[in-house]
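Take a look at the structure set out below.
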Amino acid sequence: MPTDTALDTDTLLTWFAEHGRDLPWRRPDCTPWGVLVSEIMLQQTPVARVVPLWEEWLDRWPRPSALAAASQGEVLRAWGKLGYPRRALRLHAAAAAIARDHDDVVPADVDTLLALPGIGAYTARAVAAFAYGRRAPVVDTNVRRVVARAVHGAGDAGRPSTTRDMADVEALLPAEESRAARLSAALMELGALVCTARGPRCADCPVYDSCAWQRAGRPAYEGPAKPVQRYGGTDRHVRGLLLDVLRGTSDPVPKERLDVVWSRAGQRDRCLDSLLVDGLVEQTADGRFALPGEHR
């Protein structure tokens with residue numbers, strides 16, 4: 001898909017070199033495994049919450065085989081309150097496959113990464129770009145917003161379209177692989193720090209002069225309203241409360257211990273059943289409940 005205006009790649013890369021955050025998974029000594037762990041943890045989770053847990057995980061499980069040797073229960077307990085705990089089980093499964101099929105080394109090829117359990121299109125391309133310096137379009141919410149504004153002159157990116165979004169970013173990437181990988185990171189950083197959804201800091205933007213949104217007079221977004229996400233009282237909230245009980249003990253617990261965390265019995269039982277279906281909780285032979293892999 002052709003772009004509406006050119007993006008000043010050199011200026012953006014210079015800005016990123018000067019202003020990009022010093023995150024541990026961006027440092028030269030970070031392994032591809034560290035990058036993969038960071039990408040899974042960062043999905044729908046702020047950087048500030050991820051950094052300390054990422055450091056704990058890499059100290060405890062510095063290689064895929066180390067994580068694969070842990071039980072699912074250990075992994076879920078270590079995941080703590082990071083949220084969306086199915087990510088922990090997907091990472092555990094990917095670690096087992098990497099240890100078994102790839103000599104304990106995270107693959108560099110996008111297609112090989114996609115063949116790992118629980119690794120989707122975004123994560124595969126992010127690992128290829130950020131761990132191995134490959135030319136692979138990496139598209140998240142921040143990148144979509146930057147491209148929508150700076151390239152297309154729209155206030156927001158609207159509904160995601162994998163084909164369109166990937167083509168947009170692909171068209172911006174330099175031919176040289178290492179520069180393309182750095183640009184992917186720079187686009188993401190610009191959206192996270194400057195070209196934010198609310199209150200963009202346009203005066204600090206390195207591509208202000210060429211930004212199509214600025215040239216168009218910063219038109220407001222007129223697409224469909226985005227749903228407002230809430231947490232309190234949702235099934236996700238209740239599932240978290242149930243898991244908190246199990247993470248806090250090494251022994252299986254009777255259902256009565258779980259019943260006290262939420263007063264609405266129908267919702268509570270539905271959430272407990274969904275945790276069982278997702279493999280995040282197991283029921284013992286005597287009817288109690290525990291994290292998976294710890295009690296049979």
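Every number in this text was worked out from the coordinates using simple rules, so none of it is lab data. Remember, predicted model here, so these are calculated numbers, not experimental data. Backbone-built Cβ (ideal geometry, glycine too); neighbour counts: all protein chains shown.
Give the angle, between 0 and 90 degrees and rounded to the nearest 10, that separates the Cα long axis of helix 121-132 from the longest principal axis of the Cα atoms of the chain. Taking the Cα atoms of the chain, the angle to 121-132 is about 70 degrees. Computed over region 5-120, the percent of Cα pairs more than 16 Å apart is 62.
Here the ratio of the Cα radius of gyration of region 163-296 to 2.2 N^0.38 Å is 1.70. Extension gain, Thr249 to Tyr122, is 42.2 nm, computed as 0.36 nm per intervening residue step minus the present C-alpha separation. Between the beta carbons of Ala175 and Asp235, assuming R0 = 35 Å, the FRET efficiency works out to 0.15 to the nearest 0.05. Counting every C-alpha pair in region 75-169, the share spaced more than 18 angstrom apart comes to 56%. If you wrap the tightest convex hull around every Cα atom of the chain and split its volume per residue, you get 145 Å³. In the chain, with Lys and Arg counted as +1 and Asp and Glu as -1 at Cβ, which of these residues, Ile40, Leu89, Ala265, has the Cα nearest the positive end of the dipole, that is, farthest along it? Farthest towards the positive end: Ala265.
Subtracting the Cα-Cα distance of Val277 and Arg201 from 0.36 nm times their residue separation leaves 22.9 nm of extension gain.
Divided by 2.2 N^0.38 Å, where N counts the residues, the Cα radius of gyration of region 235-290 comes to 0.99.
Extending 7 Å from Cα along the Cβ direction at Glu256 and again at Arg27 yields two label points whose distance is 5.0 nm. Axis angle, to the nearest 10 degrees, between helix 265-277 and the longest C-alpha principal axis of the chain: 80 degrees.
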